[in-house]
Amino acid sequence: QVQLVESGGGLVQAGGSLRLSCAASGRTFSTYAMGWFRQAPGKERDYVASISWSGGNTYYADSVKGRFTISRDNAKNTVYLQMNSLKPEDTAVYYCAAAYGSSRLYQTPRYDYWGQGTQVTVSS
């Protein structure tokens, strides 16, 4: 069992930055690949980024490539999402999730555990 708690969301102006954190409970955190997803009102939950269990491989949605960076610290049981050059269209609730394995990490059904989400609002 893995419990995930996101933090770091808030209100920021366009062009600004935020760093999201996702703290995980349980001693098996380092065996899970981790992902970030986001969901805007009235829309589906979309893939943002993912990282392998070791941190050696990272993947991004085209919409955030070059602006967002995913990283993890297995000693702290935490995964991060550094978000730079934020745009109003980045406004959403951001969720972190844990998946066992490394394939198809862009798909929500792959993930076994989800956090409760943190709101990110980007004003124009």
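Seen from residue 70, the other residues with C-beta closer than 14 Å to its C-beta sum to a net charge of +3, counting Lys and Arg as +1 and Asp and Glu as -1.
Computed from the Cα positions only, the extents of the stretch 48-124 along the three principal axes stand at 38, 25, 23 Å, in decreasing order. Listed by chain and number, the lysines whose alpha-carbon sits under 23 Å from that of residue 87, ignoring those within fewer than 8 places in the same chain, are 43, 65.
The simple Förster model, with R0 at 25 Å and r as the Cβ-Cβ distance, assigns residue 1 and residue 106 a FRET efficiency of 0.55.
Taking each residue as 0.36 nm, the span from residue 85 to residue 19 lengthens on full extension beyond its C-alpha to C-alpha distance by 22.6 nm. Residue separation of residue 121 and residue 31 scaled by 0.36 nm, minus their Cα-Cα distance, works out to 29.2 nm of gained length. Magnitude of the charge dipole for the chain, about its Cα centre and with charges confined to Cβ atoms of Lys, Arg (+1) and Asp, Glu (-1), is about 160 debye.
Using C-alpha pairs under 8 Å with a sequence gap of at least 6, the mean separation divided by the residue count of the stretch 23-124 gives a relative contact order of 29 percent. Here the Gaussian network model covers the chain, with springs between Cα atoms less than 10 Å apart; of 75, 33, 99, 75 fluctuates the most. On a per residue basis, the chain carries 52 Å² of accessible surface, using protein heavy atoms and a 1.4 Å probe. Using a 1.4 Å probe over the heavy atoms of the protein chains, calculate the carbon and sulfur portion of the accessible area of the chain as a whole percent. For the chain, the apolar C and S fraction of the accessible surface comes to 47 percent. What's the center-to-center distance, using Cα atoms, between the stretch 1-15 and the stretch 74-124 in Å? Cα centroid to Cα centroid, the span is 8 Å.
The values are calculated or read from the model by the stated rules, or taken from the named source; none is laboratory data. All values reported here derive from a predicted model rather than from experimental measurement. Cβ coordinates were reconstructed from backbone atoms using ideal geometry, including for glycine residues, and neighbour counts include every protein chain displayed. SASA here: full protein model, heavy atoms, side chains in, ligands and nucleic acids out. Shrake-Rupley method; radii C 1.70, N 1.55, O 1.52, S 1.80 Å.
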